[in-house]
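The values are calculated or read from the model by the stated rules, or taken from the named source; none is laboratory data. These numbers were taken from a predicted model, which means no experiment stands behind them. Positions of Cβ are generated from backbone atoms using ideal geometry, with glycine treated the same way; all protein chains shown enter the neighbour counts. For accessibility, only protein heavy atoms count, side chains too; no ligands or nucleic acids. Shrake-Rupley method; radii C 1.70, N 1.55, O 1.52, S 1.80 Å.
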Amino acid sequence: MKADVPGTVLKRERARDAVLELIESRSPGDAIPSERALCALLGVSRPTLRAAVDELVAAGLLVREHGRGMFVAPEKITQELVSADLSLSLPQAAGAWSSRLLEFTTLPAGARVGRRLRMSPAEDIVYVARLRLVDGAPMAIEHLHIRAALVPGLSAEELEDGDLYEHLRHTHGVHVREAVQAIEPTVVTRAEAQLLEVPELSPALLFERLTSDTAGVPVEYVHSLYRGDRYRIVSRLALGPAATAPLVRDGHHPGIPPGDFAHGDPIASSTRGDIQAGG
């Protein structure tokens with residue numbers, strides 16, 4: 001399962017993680033080293049480093065200022081969506097989903113992924129990059145990081161066919177229970193645009209998910225990029241006394257201006273993915 005020479009996707013992924021590590025160790029407005037310095041520090045080429053940095057700029061985590069350098073972006077506002085039944089299920093969407101593997105290897109977790117999975121940076125993870133397709137058309141790029149000790153013998157066939165969580169449960173005895181997922185708007189880089197068959201800088205949705213098992217142990221860390229022209233998120237809201245999910249009383253719900261429910265009635269929501277017909 002080990003790869004002797006990491007491919008292009010993995011090199012960019014590791015460069016991205018290293019720069020994210022720098023961002024997370026600093027405060028908004030702090031400078032980070034120049035691209036030239038980062039290339040020397042990380043031992044990667046300028047195009048690989050620039051692709052990783054472009055992705056972080058597009059995601060709103062870094063800010064480039066001409067003639068001054070790169071800086072940590074201001075903090076983002078975070079809003080939690082509450083599921084109606086607190087169950088872990090993948091978004092239901094039309095079309096036949098399939099996967100094409102881009103990379104599949106075993107390697108040390110590293111500092112950032114190790115911290116998310118609560119494991120030593122030296123412990124092995126299975127890293128998977130795959131292109132998700134709907135009715136044969138590219139829809140998303142997924143980067144999966146799974147504890148290697150949990151999935152000995154994980155095969156390419158499991159990653160290309162069927163539901164990964166079903167394979168984890170039936171083949172590897174891993175029962176997932178909870179996932180925390182964040183969604184942000186972004187744009188695609190040149191490399192991502194080629195894979196998704198869209199123009200460079202096209203709009204996209206960035207998903208970041210941490211999945212845990214029934215004992216609360218992190219199993220999988222994933223970040224995925226979905227085409228903004230074909231994929232959207234639909235939320236069904238139950239407002240007022242009829243809402244039966246855990247209450248969302250503080251702050252505001254996406255799309256509902258602050259103060260509209262100042263009297264404190266609960267808001268419950270359920271969320272699903274929605275595939276748009278191709279043009």
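At 0.36 nm per residue, minus the direct Cα-Cα distance, what do residue 177 and residue 137 gain on full extension? Give it in nm, one decimal, please. Contour length minus Cα-Cα distance gives 11.4 nm. The residue 166 and residue 194 beta-carbon pair, evaluated with R₀ = 30 Å, returns a calculated FRET efficiency of approximately 0.45. Reported to the nearest whole Å, the Cα centre-to-centre distance from region 175-219 to region 24-47 is 23. Computed with a 1.4 Å probe on the full set of protein chains, the accessible area for residue 171 sits at about 90 Å². Listed values for region 214-229 are Karplus-derived 3J(HN,Hα) couplings in whole Hz (6.51 cos²θ - 1.76 cosθ + 1.60, θ = phi - 60°), namely 5, 8, x, 8, x, 9, 8, 10, 10, 10, 10, 10, 10, 4, x, 8, and x replaces Gly and Pro. PRE reach from residue 63 (point 7 Å along Cα→Cβ): which of region 12-32 fall under 11 Å by backbone N? The answer is 28-31, whose backbone nitrogens lie closer than 11 Å to the label point. Taking each residue as 0.36 nm, the span from residue 214 to residue 73 lengthens on full extension beyond its C-alpha to C-alpha distance by 47.2 nm. Rg over Rh for region 111-187 works out to 0.98, both radii taken from alpha-carbon positions and Rh defined as the Kirkwood radius. Mind listing which trypsin sites (Lys or Arg not before Pro) in region 1-76 are in a DSSP loop and have 10 or fewer other Cβ atoms within 10 Å? Counting only loop positions with at most 10 other Cβ atoms within 10 Å, the trypsin sites (Lys or Arg not before Pro) in region 1-76 are 2, 68.
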